[in-house]
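Encoded as structure tokens, the structure appears first; notes follow it.
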Amino acid sequence: MATSSAWKLEDHPKLPKGKTIALIVLDGWGESAPDQYNCIHNAPTPAMDSLKHGAPDTWTLIKAHGTAVGLPSEDDMGNSEVGHNALGAGRIFAQGAKLCDQALASGKIFQGEGFKYVSESFETNTLHLVGLLSDGGVHSRLDQLQLLIKGSAERGAKRIRVHILTDGRDVLDGSSVGFVETLEADLVTLRENGVDAQIASGGGRMYVTLDRYENDWEVVKRGWDAQVLGEAPHKFKNAVEAVKTLRKEPGANDQYLPPFVIVDDSGKAVGPIVDGDAVVTFNFRADRMVMHAKALEYEDFDKFDRVRFPKIRYAGMLQYDGELKLPSRYLVSPPEIDRTSGEYLAHNGVSTFACSETVKFGHVTFFWNGNRSGYFNEKLEEYVEIPSDSGISFNVQPKMKALEIGEKARDAILSGKFDQVRVNIPNGDMVGHTGDIEATVVACEAADLAVKMIFDAIEQVKGIYVVTADHGNAEDMVKRDKSGKPALDKEGKLQILTSHTLKPVPIAIGGPGLSKGVRFRKDLETPGLANVAATVMNLHGFVAPSDYEPTLIEVVE
């Protein structure tokens, strides 16, 4: 690939080129005080422990939530998408939730082409809103849904149906009842004002609609059957009754509620999606909307029998896949992330290997590269996806594919073909989300074994390692009260935390190829994930572009 002057990186005056760099992202691996609910602390993790306790100049903490990753406030948990955007882009871009907040606050969302398109159905047909009913702020937010419903009704929507997906992952299990009650109260007010507004269907997020990376199309099909065909194994007169009743089933929780439909007095579904209707998926985060969007938009769809494919006006809250242009219509334009570190390095001849298992493969490729699919330079890049386990909860096989990822990275390093070997090891996040503390300890141990495998390979080639994380999760598995003590529910039971956290994440550098005198700077007030890109560029022997967040390292003579 020819390098134009616009893409040519300046050589770093004190750091040599040519060292193999292993860039390891431990998903869901934050830093928190040691106690019985800190699975990272309780797991045998000698590789990671050696970094923390061995060299204070080459281990530090950085922010992975809130404004550091482009989210609206410091109360917003980071997530894997925004985390990897920041890690790869080297700059902070306003992200999904913030973009939608701005568009709703200004009213711009109702003036755009996407809303104008769906509003063409308002006069004679139904507006359907599909998404995660939660205030977790990771995939969606209840207040945004409320504003969207209110604004649509004010702009002519006469018949509204909401298809809800209960959370219990980014928020506490059991909180679904309160969210449904809040939404129902809003819809009652609309009905009193002449708008036919109802909840039409529902189900738990991990069992209905919100699969990702084509792991299990049956999840999407369950949602399709309820939302489009009006068919589900459970039928109720109202959604509050539905959620309360289904949660009483043995082993039930918000994440895995079975699909249900709301029916009228005659037993007929109140809101199947039909020809001429408008559909808006109101999640702002992309990963768990792409498969559903394909089912709604693609004519030549073959993943399951849709039975019927209604001709609808469909828009996403955002565009969920920029490369696929999916969906083709959306209410809020996505962040335009340009000039990512991966693109710069490809233009400057740096060869890259990227690998993870299915559930996080898109994070070290698509999200890392600024929400862009594909290669920058096929001759210099190789991306390898290891299929994730499907059909089981991740705590059943908590080791996941950590060792396989470690082996692929090791082989890539020892091959001598790559200047950078980039991996995501998902265990701490994916198993942490299940709330299973014992399994999460096993998951963290497996992740550490993979890290050790990569370290050993870097030692052999006299390279450099950079280890960090995209957000917290496994380091704190319990909800806490204002004093920081574990919180109990009304029945005196411990409230397990399945969501991400607001904790900082570690970053460490090392390896025999690290130049003497390289250490983490002490003058950066609140460094975050976006500072990592310039740091890695330095370690490759380049100076980062001037508008990147500053490097974390300095060279002391």
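The values are calculated or read from the model by the stated rules, or taken from the named source; none is laboratory data. The structure presented is a predicted model; accordingly, all values stated were derived computationally and were not measured. In this analysis, Cβ positions are derived from the backbone assuming ideal geometry, glycine residues included, and neighbour counts consider all displayed protein chains. For accessibility, only protein heavy atoms count, side chains too; no ligands or nucleic acids. Shrake-Rupley method; radii C 1.70, N 1.55, O 1.52, S 1.80 Å.
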For a bin width of 5 Å, list the pair-distance distribution of region 255-360 built from all Cα-Cα distances, rounded to whole %. 2, 9, 14, 16, 18, 14, 10, 7, 4, 3, 2, 1, 1, 0
Compare the peptides 434-443, 125-134 by average per-residue count of other Cβ atoms within 10 angstrom and give them in order, highest first. 125-134, 434-443
For region 99-241, what is Rg from Cα atoms divided by 2.2 N^0.38 Å, rounded to two decimals? 1.04
Antiparallel as a % of all DSSP beta bridges within the chain, to the nearest 5? 30
Using unit Cβ charges (K, R positive; D, E negative) and no other charged atoms, how large, in debye to the nearest 20, is the dipole of the chain about its Cα centre? 400
Where a label projected 7 Å from the Cα of TRP217 along Cα→Cβ would reach, residues of region 268-298 with amide N under 13 Å: 291-292, 294-296, 298
With an 8 Å Cα cut-off and a minimum separation of 6 or more residues, compute the relative contact order for the chain in percent. 27
Over region 40-133: Kirkwood hydrodynamic radius from C-alpha pairwise inverse distances, Å: 17.2
I want to verify the translational diffusion coefficient of region 498-545 in µm²/s; compute it with Stokes-Einstein, Rh as the Kirkwood radius over Cα pairs, at 20 °C and 1.002 mPa s. 166
Where labels lie 7 Å past Cα in the beta-carbon direction, separation of GLU554 and LYS235 in nm: 7.1
Counting only other residues whose beta carbon sits under 11 Å from that of CYS100, what net charge do I get with K and R as +1, D and E as -1? +2
For region 239-299, the charge dipole (Cβ of Lys, Arg +1; Cβ of Asp, Glu -1; about the Cα centre) points to a positive end, and the Cα of VAL280, THR245, VAL261 closest to that extreme belongs to THR245
Counting helices only, and only those DSSP H runs with n ≥ 4, report the 222 nm mean residue ellipticity of the chain as the sum of -39,500 (n - 2.57) divided by its residues, in deg cm²/dmol to the nearest 500. -8500 deg cm²/dmol
Enter the Cα centre distance for the pair region 60-88 and region 410-478, rounded to the nearest angstrom. 19
When you count, for each residue, the other Cβ atoms within 10 Å and take the mean per peptide, how do 200-210, 226-236 rank with the highest first? 200-210, 226-236
How tilted is helix 142-154 with respect to the longest principal axis of the chain? Cα atoms for both, answer in degrees (0 to 90, nearest 10). 50
Per the C-alpha gyration tensor (a ≥ b ≥ c, the square roots of its eigenvalues), region 206-263 is rounded if a/c is under 1.5, else prolate if a/b beats b/c, else oblate; here it's oblate
Considering only protein heavy atoms and a probe of 1.4 Å, how much of the accessible area of the chain is carbon and sulfur, as a whole percent? 49
Rounded to the nearest whole Å², what accessible area per residue is found for the chain with the 1.4 Å probe? 39
Of all C-alpha pairs within the chain, those more than 38 angstrom apart amount in percent to 29
Debye sum, Cα scatterers, region 324-480, no solvent: what log₁₀ I/I(0) at q = 0.11, 0.18, 0.20 1/Å? -0.50, -1.14, -1.26
Hey, which lysines would be in cross-link range of LYS379, C-alpha to C-alpha under 16 Å, not counting anything within fewer than 8 residues on its own chain? LYS417
Solvent-accessible surface (1.4 angstrom probe) belonging to ASP287, in square angstrom, nearest 10: 10
Of GLN111, LEU514, VAL82, farthest towards positive along the dipole that unit charges on Lys, Arg, Asp, Glu beta carbons give the chain: GLN111
ASP57 paired with TYR298, simple spin-label distance in nm, labels 7 Å along Cα-to-beta-carbon: 5.3
Taking the Cα-to-Cβ direction at ASP264 and at VAL307 and moving 7 Å from each Cα, how far apart do the two end points lie in nm? 1.9
Entries of LYS108/LYS244; LYS150/LYS360; LYS360/LYS485; LYS98/LYS479; LYS244/LYS503; LYS360/LYS522 with Cα pairs more than 29 Å apart: LYS108/LYS244; LYS150/LYS360; LYS360/LYS485; LYS244/LYS503; LYS360/LYS522
Please report the base-10 log of the normalised intensity I(q)/I(0) for region 1-59, using a Debye sum with one equal scatterer per alpha carbon and no solvent, at each q in 0.18, 0.22, 0.24, 0.27 (1/Å). -0.85, -1.06, -1.18, -1.31
In whole Å, how far is the Cα centre of region 321-395 from that of region 533-554? 21
GLU336, GLU181, ranked by accessible area, largest first (probe 1.4 Å): GLU336, GLU181
Full extension between ASP489 and GLN460 adds, at 0.36 nm per residue less the Cα distance, a length in nm of 5.3 nm
Skipping prolines and chain starts, which residues have an amide H placed within reach, meaning under 5 Å, of the one on ASP76, given they are 5 or more residues away or on another chain? GLY66
